[in-house]
């Protein structure tokens, strides 16, 4: 009889652990889903901005701002193509990080990478 009770206690403890693990897993999935949902909301805005930016033919025409992975307009986004070309390396690194883009390379390489990502095709 005591053996059966001890076995039941062990089973209950195991079930509690399993439920705790499942609860943690569900929370983690919800967090990941929320992040994915934000990214999905940002994509149409970013695609529209890239298309707009690709048609700019003047260095002084304002750029459309892209949104980061949290669907927030990126702080420090250059006002226009001329401003983009004057950005220092540390600012470029911050902007590339906002979009989870590689940050390696020279300042010129970072500018080219960022220009391509935001849709700027005008030769500045």
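Read-outs: derived from the displayed coordinates by stated rules, not from any lab. Bear in mind that the values here come from a model prediction, so they are computed numbers and not experimental data. Here the Cβ is made from the backbone with ideal geometry for all residues, glycine too, and neighbour counts use every protein chain on show.
General observations
- Of the helices (runs of 4 or more DSSP H) that lie entirely inside the stretch 1-100, those containing 3 or more residues that are more than 26 Å from the chain's Cα centre (by Cα) and surrounded by 10 or more Cβ atoms within 10 Å (Cβ to Cβ) span 2-54.
- Checked against (1) touching a residue at least 12 places away in the same chain (Cβ under 8 Å); (2) assigned to a loop (DSSP other than H, G, I, E, B), residue 105 meets all criteria but (1).
- Number of positions in the stretch 101-123 that are surrounded by fewer than 14 Cβ atoms within 10 Å (Cβ to Cβ) and within 16 Å of the chain's Cα centre (by Cα): 1
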